[in-house]
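First comes the structure, then the notes that go with it.
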Amino acid sequence: MRKWGEMHPALRAVLVGALACAVILAAGLIAGGSPDDAIANAVFYALMVGGGVFFLTKRFPTTAEKLDEHGDLVVFLRFPDSSPGSLSSIWQMGIARPGARRIDFQPIVDDTLIPSGRSKALTGLGTSGVPVRKVNRHDNQQGVPLDFRILTLDSDGGVIEIAAGPANLQKLEHAVESASP
């Protein structure tokens, strides 16, 4: 259902709006309001909810398309072996530019791609032998989406973990493996 919704954002917005309309209409009639008020409220809120869903889903693919033009990926990065309480132990959202045994990571504020902080060059990358794992609830509490996967890599600066969507994670794995001796 999620993939269908991604392929048809307008139909998903109409479906969500129709569902909202039905729920609000039923609630208005059950609450004892007049049918005219219930219909007006249902149509108003259906347009609000459906329009919100449509504009939110249309905005995010354009961000991904901008990044794909330059070969950039949105990822989350952390250094799991850093000292407890260190800022390096929490997930940082950023843009990754994979290269040969190297990833340039630029932290960003949010999905608007506004850079924050200085760029980091992660060099000497290699696979660590740890299998790719799913994001758990502790990772999700720090803002990592639940559909992301986590890749553990060895680098010149120590062990790093990179969380990304399945397609972006494959690109990162390919960049690291193709450059390995």
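The values are calculated or read from the model by the stated rules, or taken from the named source; none is laboratory data. What you see is a predicted model, and the numbers here were worked out from it, not measured in a lab. Because the Cβ atoms are built from the backbone with ideal geometry, glycine has one as well, and the counts that use them run over all protein chains shown. Quick note on the areas: whole protein, heavy atoms, side chains included, nothing else; ligands and nucleic acids left out. Shrake-Rupley method; radii C 1.70, N 1.55, O 1.52, S 1.80 Å.
Scanning the range 75-89 for residues that are open to solvent by 30 Å² or more (accessible area, probe 1.4 Å) and modelled with pLDDT of 85 or more returns 78, 79.
Taking the range 82-103 as the range and being in contact (Cβ under 8 Å) with a residue 12 or more places away in the chain and touching an Asp or Glu at 6+ places or on another chain (Cβ under 9 Å) as the test, the residues that pass are 91, 93, 95, 96, 97, 98. Among the residues making up the range 148-170, those that are surrounded by fewer than 19 Cβ atoms within 10 Å (Cβ to Cβ) and within 18 Å of residue 121 (Cβ to Cβ) are 154, 156, 157, 158, 159. Within the range 1-37, the residues that satisfy the criterion of being exposed (fewer than 14 other Cβ atoms within 10 Å of the Cβ) and of a type in the set (Lys, Arg) are 2, 3. Is it the case that the range 167-177 has a residue that's in a strand (DSSP E or B) and either in contact with a His (Cβ under 7 Å, 6 or more places away or on another chain) or among the charged types (D, E, K, R) (or both)? No; the residues of the range 167-177 include none that is in a strand (DSSP E or B) and either in contact with a His (Cβ under 7 Å, 6 or more places away or on another chain) or among the charged types (D, E, K, R) (or both).
Just for strands (runs of 3 or more DSSP E) wholly inside the range 75-149: which have at least 3 residues that are closer than 25 Å to residue 57 by Cα?
92-99
For the range 38-70, how many residues meet the condition of being at pLDDT below 75 and either open to solvent by 80 Å² or more (accessible area, probe 1.4 Å) or small (Gly, Ala, Ser) (or both)?
Qualifying residue count, the range 38-70: 9.
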